[in-house]
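Have a look at the structure below before the remarks.
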Amino acid sequence: MSFYLSSLNGLEKEIIRELEKLYIYDCHEHLPPEKGRLKQKPDAFTLFSHYCQHELYTGGMDKEIMAKILWQPGDIDWKWKTFEPFYKQMKHTSYCRAAHITMEKYYGEKELTAKNVHAVSERIQKANTQGLYDCVLREDCKIIASINCDGPLDDTHSGLIRQTVRAIDYIYSYKDVLKKFGDGETSIDSVDDILKACEGYIVNAKEKGAVGVKYMSFYIDGATREDAQNTLKRLKNDPSLVLPRRNPLNEFVLTSRLRMTHDKGLVNCMHTGYRNDYRELSPANLLPFIMKNQDVKIDIYHAGYPYVREAIMLGKVWPNIRMNMCRTYLISQRFAFDALDEMLEMLPDNKIIGFGGDYYVVEKVFGHLVMARETIARVLAKKIQDGYLSLDRALEIGRKMLYDNPKEFYGFKDVGFNV
Ligand SMILES: [Zn+2]
């Protein structure tokens, strides 16, 4: 239990021990192929890349310097001297907690210091060998499969990685249309040609074993095929024209793809909330589509943060929606606790998908999973202490969130786990 908060009570610890016995599905990652990771030269600062970088630059670090520290090999002493003042001011955040748990587990230190920064860097380099993914994901995290974003379709790591593909989005200009749906030159005159290209892309992904198509939430203003066709014509007639993301062609293609993805047997994986301009990513923006398409499966990522209640309402009202807690414990364990506490009072227990690491750096999945188990256990323990749930029922809900629900929603066919 050394990675967990010292304030946990006996019941919370008991639930964590039960959750640790489960094999689980990891329902969102950004992992590069292991081969790619092994080619990198990671050091101690790699552990503070990805989400911790939000704390570095919002805390005042220059972006170019940050990139040199996090993403390029370089002089460790220079890196540390430059990093330390910013590290001092962000050490307490949830993003850093995951990095610290990871560092303790794999590289033997609870925090980075001038004294250990070289030793941690050497240990990371030494461990950067074949088998790293199996060790972290399967052995330490008991992950049956990780649903991954942005990886090559043929990188399945013997079934441990299940890829998703990105929906083609951000159709701003005619140049975009040619590049994204054709060969870059041959003229495209009809929305039907665009949809045919989308279909080919989805069918190919499905044939190669993908389990979903990943989207960013978007505004829906009711664009029809005719609106989309007229927009395509406008773009073609004026190649210098650049429209905002919220345009009838982009919207019609995206909504058509949501339906198509479902009809081809894949899940729509929907990023909602948290991003630079999060307003257009509110889960509530999807309502017009969901109301008319109550069979189309949509997995709502990140509980919509900061639009948490908008997200929960989608889960509450519509049968085809799942609430995916990926990245939530990293954003803030407080928020994740409150969101889950409220979801348990509002949703049937098949609606919540309990974990997705959402990381590039594979070891950090472990840090996030500790925080996820801890938060889930604390919510379940509170419900038991309030007299709301029995221990058995709480453990059943925990298991459904981490195992049965993703298995059912994504149609996984594992055998031999959790029997
Ligand atoms: Zn992500």
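Each reported figure results from applying straightforward, stated rules to the coordinates on display, with no laboratory input. Note that this is a predicted model, so its numbers are computed, not measured. Note that we place each Cβ from the backbone using ideal geometry, even for glycine, and neighbour counts take in every protein chain shown.
Given R₀ = 41 Å, FRET efficiency for Q130-N320 by Cβ-Cβ distance, to 0.05?
It comes out at approximately 0.50.
To one decimal place, what orientation-averaged projected area in nm² is obtained for the convex hull of the Cα set of the range 71-169?
The number I arrive at for the range 71-169 is 8.7 nm².
Using a 10 Å cut-off around each Cβ, can you sort R334, R234 from fewest to most neighbouring Cβ atoms?
Values: R334 10, R234 15.
Going from sparsest to densest Cβ surroundings: R334, R234.
Taking 1 over the mean of 1/r across every pair of different Cα atoms in the range 157-212, what Kirkwood radius in Å do you get? Present the calculation step by step, with values, prior to reporting the outcome.
Details: mean 1/r = 0.0792 Å⁻¹.
After inverting the pairwise mean of 1/r, the radius is 12.6 Å.
Which Cα, out of A44, T255, A98, lies furthest along the positive dipole direction of the chain (beta carbon charges, K/R +1, D/E -1)?
Value computed over the given set: A44.
Using unit Cβ charges (K, R positive; D, E negative) and no other charged atoms, how large, in debye to the nearest 20, is the dipole of the chain about its Cα centre? Working shown, then result.
Working: 59 positive and 58 negative charges, 46 e Å.
So the dipole magnitude of the chain works out to roughly 220 debye.
Relative to the compact globular guide of 2.2 N^0.38 Å, what is the alpha carbon radius of gyration of the chain, as a ratio?
Taking N as the residue count of the chain, the ratio is 1.02.
E199 to H118: extension gain in nm, 0.36 nm per residue of separation minus the Cα-Cα distance?
Stretched out fully, the E199 to H118 stretch lengthens by 24.1 nm.
Taking 10 °C and 1.306 mPa s as the conditions, I'd like the Stokes-Einstein D for the range 319-404 in µm²/s, using the Kirkwood hydrodynamic radius from alpha carbon pairs.
In µm²/s, the coefficient is 121.
Given bins 5 angstrom wide, list per bin the percent of all Cα-Cα distances in the range 265-419, short to long.
Whole-percent P(r) values from 0 Å outward: 2, 9, 19, 22, 22, 15, 8, 3, 0.
Please give, to one decimal in nm, the separation of the simple spin-label points placed at D392 and T186, each 7 Å out from Cα toward the Cβ.
The modelled label-to-label distance comes out at 6.3 nm.
Using the Cα centre of the range 41-127 as the reference point, and only Cβ charges (+1 on K/R, -1 on D/E), how large is the resulting charge dipole? Debye, rounded to the nearest 20.
With Lys and Arg at +1 and Asp and Glu at -1, about 180 debye.
Exposure proxy check: L402, L178 ranked by fewest other beta carbons within 10 Å?
L178, L402
Cut-off is 10 Å between beta-carbons; in what order do I24, I188 appear when sorted fewest neighbours first?
Ranked by crowding around the Cβ, least crowded first: I188, I24.
Stick to Cα atoms and the Kirkwood definition of Rh, then tell me Rg/Rh for the range 41-127.
Looking at the range 41-127, the ratio lands at 0.91.
Which three extents, in angstrom, do the Cα atoms of the range 117-265 have along their principal axes, listed largest first?
Taking the Cα atoms of the range 117-265, the three principal extents are 60, 37, 30 Å.
Among G212, W78, Y57, which residue has its Cα furthest toward the positive end of the charge dipole of the chain, with +1 on Lys/Arg Cβ and -1 on Asp/Glu Cβ?
Result: W78, furthest along the dipole toward the positive end.
Rounded to the nearest 500 deg cm²/dmol, what is the calculated helix-only ellipticity per residue at 222 nm for the chain, with -39500 (n - 2.57) per DSSP H run of length n ≥ 4?
Details: 18 runs with 198 residues, N = 419.
It lands at -14500 deg cm²/dmol.
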